[in-house]
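Okay, structure first, notes after.
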């Protein structure tokens, strides 16, 4: 074999090894896939529901945590076969990646803490992930991490070309300062992905919130703790119909037509930090607390003037105005408080006039004959005659037939001509 | 039925065309066709095609805030500037001929008997209209009432939505705010003489448009409804037919208020003497007749007519 050919084979071999290494980017050191990669790995759980324990390898590898070994998260699994409960994950655990600046393992602890302190924090599952997914989806009053953070694609398909292009420059652009393969390998992609833009846009956020909050029956079951009495109470229509009332606001309408200047749910309810800290309006830390509202509105370009003292009532604008949604909503039928609105009172005042005018029109049309109709004086007919036409209305003229005609101050046109 | 046909026959031909244009614009703007908003992927007249949102003003607004608002409502800004430019040269064509929100109540109102309508035309238009306009622009938003809640412009599109099966329309019509707006539509539209009371008093686009209309009327080359005074016999048929109450008889001569006039031409159609017309410059520079002892062409404070030359020859 000539040297040339031999070198060619060597080069081929090396390139082959490299491709194999690339595939090894998704390791399975714990051997989980020896069982979980099998198709049809089904079992029947306590509730008698048939569930699948099979994991689609390709699907998993392309997911957000696709390059992370299973046991990095599923730490309580020590022996095989393992108990179902031991598969639960605590997201606040330290993580697989090491933060290069600190040399410590990365952790979601801060996010988890913010979330635990929020309204959604103390609920379904203490570890925040785990338990029966179906039960959670149906019953859970508050969501766990997993509920919103599915193991989805790390980079959206539409953004992939953009990401690839940027990734090709990673060595030259970022690498000039951040040297070392560890950093580039572990963080380059993370950071680049963030530069490309957030994975979710405002509409995706709203979609996530509406997943639960637009479900009226589900929201009607929610109980909130009353701060004064300390007891748990059912929420009112304002809470149950929050998603509907939001949709009637300008914010909702703009996002509905894909104009991204509108504010999404979390733009107002969790604008700061890791954007997980949704708090109740009564809490003094809440972004929607009366004292903090001006600041929250002012964070956008649209309402930068909200902090101006003259506009202090601007922030009182009701963005969950239930007067804008149907009064006889079937979810809150017996709530009389909705009928106490000022708008309903205005309607009660206006409707008799409409009935009189409408009924009168109809009767006149049926029985009025061909007589030319002139607007009633009480409805402004005389005022029109006097002010706009400049003539005395007929009703007044008739009464003065027998009186002497008084000399008028101004001359009529005919008289002026005669002179 | 015969009565109805006779009534339709009695309408002057140019007005029939105007009604047809309004009906056409209703189909172009509203559900179920939504042709024009659909061109920019908008499901109704709200959101990015709203022509009245960006001019809300708040104290402390920087120019950047204002331009930011304009960018959000860019399409609305274009539409409104187009409306204002046409108004400047040709009079309020949008309001009188195209605007479906003002046009529909007018058409409905004309089918009812005049006896059972409220006569709003004698009310002082300027204080009410511009008073509400300023409240709408600055005060209400400052007090924390959303301009969208106050917006009754959307009522008519929502009625169309409701009839075309869009749940959004029905939802609005059944809401507390929607019911009141519906009632206002009846009182200010269907049961108002000539059906244009909303345009006269509450419409912010109309208020802006009226200002431009009056400004343009001062120039001689712009086209407006103008009165040729030495032809006017003072028969007041134009004032009685004017749908916006913009013609006032002053010393038995019609005077047009260019703030409210929509150039709808109804006065032109009913005038037997050709004294009132949609024209560029006044012709009556040299009146043949005059009145003794009275101010011949009085200019009321709140009404605008063209600037007339001094009547030196006759004096």
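The values are calculated or read from the model by the stated rules, or taken from the named source; none is laboratory data. Please read all numbers here as calculations on a predicted model, not as lab measurements. Reconstructed Cβ throughout: ideal geometry from the backbone, glycine too, with neighbour counts over all protein chains shown.
Yes/no per residue for (1) farther than 19 Å from residue B:262 by Cβ; (2) surrounded by 18 or more Cβ atoms within 10 Å (Cβ to Cβ):
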| site | (1), (2) |
| --- | --- |
| B:128 | no, no |
| B:134 | yes, no |
| B:139 | yes, no |
| B:146 | yes, yes |
| B:164 | yes, no |
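Consider residue A:278 against the criteria (1) part of a loop (DSSP other than H, G, I, E, B); (2) at the interface with another protein chain (Cβ under 8 Å from one of its Cβ atoms): it satisfies all of them except one. Which criterion is unmet?
Looking at each condition in turn, residue A:278 falls short on (2).
Going by the conditions given, is residue B:298 more than 14 Å from every other protein chain (Cβ to nearest Cβ), at pLDDT below 80 and in contact with a strand residue (DSSP E or B) (Cβ under 8 Å, 6 or more places away or on another chain)?
Criteria not met by residue B:298.
For region A:1-74, please list each of the helices (runs of 4 or more DSSP H) lying entirely inside it that holds at least 1 residues being modelled with pLDDT under 60.
Values: elements: A:3-23, A:33-36, A:57-61.
Answer list for region A:1-74: A:3-23.
So that you can scan it fast, the table gives a plain yes or no per residue for (1) at the interface with chain A (Cβ under 8 Å from one of its Cβ atoms); (2) within 27 Å of residue B:139 (Cβ to Cβ); (3) not in a helix (DSSP H, G or I):
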residue: B:37; (1), (2), (3): no, no, no
residue: B:56; (1), (2), (3): no, yes, yes
residue: B:61; (1), (2), (3): yes, yes, yes
residue: B:68; (1), (2), (3): yes, yes, no
residue: B:71; (1), (2), (3): yes, yes, no
residue: B:76; (1), (2), (3): no, yes, no
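Within region A:243-267, can you find the residues that are part of a helix (DSSP H, G or I), within 14 Å of another protein chain (Cβ to nearest Cβ) and touching a helix residue (DSSP H, G or I) at 6+ places or on another chain (Cβ under 6 Å)? Give the steps one after another, and end with the answer.
The initial filter retains those residues of region A:243-267 that are part of a helix (DSSP H, G or I), namely A:243-248, A:250-256, A:265-267.
Filter once more, so that each one left must be within 14 Å of another protein chain (Cβ to nearest Cβ): A:243-248, A:250-256.
A:243, A:245, A:246, A:248, A:250, A:252, A:253, A:254, A:255, listed by residue number.
With region B:113-188 as the region, which helices (runs of 4 or more DSSP H) entirely inside it contain at least 2 residues that are more than 10 Å from chain A (Cβ to nearest Cβ) and either more than 19 Å from the chain's Cα centre (by Cα) or over 22 Å from residue A:352 (Cα atoms) (or both)?
Passing ranges, in order: B:125-134, B:155-163.
Answer with yes or no whether residue A:183 is farther than 23 Å from residue A:255 by Cβ and surrounded by 11 or more Cβ atoms within 10 Å (Cβ to Cβ). Steps first, answer last, please.
Numbers: farther than 23 Å from residue A:255 by Cβ: yes; surrounded by 11 or more Cβ atoms within 10 Å (Cβ to Cβ): yes.
Yes, satisfied.
Quick one: residue A:375 ticks every box in (1) surrounded by 11 or more Cβ atoms within 10 Å (Cβ to Cβ); (2) within 7 Å of chain B (Cβ to nearest Cβ); (3) modelled with pLDDT under 80 except a single one, so which number is it?
It fails just one condition, (3).
Any chance region B:13-22 includes a residue that's surrounded by 16 or more Cβ atoms within 10 Å (Cβ to Cβ) and farther than 30 Å from residue B:271 by Cβ?
There is no residue in region B:13-22 that is surrounded by 16 or more Cβ atoms within 10 Å (Cβ to Cβ) and farther than 30 Å from residue B:271 by Cβ.
Filter region B:39-54 down to the residues that are in a helix (DSSP H, G or I) and facing chain A (nearest Cβ under 7 Å) and list them by number. Talk me through it step by step, then tell me what you get.
We begin by selecting, within region B:39-54, every residue in a helix (DSSP H, G or I); these are B:39, B:47-49.
If the condition is that a residue be in a helix (DSSP H, G or I) and facing chain A (nearest Cβ under 7 Å), then B:47, B:48 are the ones that fit.
One line per residue, one yes/no per condition, for (1) in contact with a helix residue (DSSP H, G or I) (Cβ under 9 Å, 6 or more places away or on another chain); (2) in the same structural domain as residue B:201 (by TED's automatic domain parsing); (3) within 21 Å of residue B:53 (Cα to Cα):
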site	(1), (2), (3)
B:104	yes, yes, no
B:112	yes, yes, no
B:127	no, yes, no
B:140	yes, yes, yes
B:145	yes, yes, yes
B:151	yes, yes, yes
B:154	yes, yes, yes
B:160	yes, yes, no
B:171	yes, yes, no
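Residue B:225 fails exactly one of the following numbered conditions: (1) more than 14 Å from every other protein chain (Cβ to nearest Cβ); (2) surrounded by fewer than 21 Cβ atoms within 10 Å (Cβ to Cβ); (3) not in a helix (DSSP H, G or I). What is the number of that condition?
(2)
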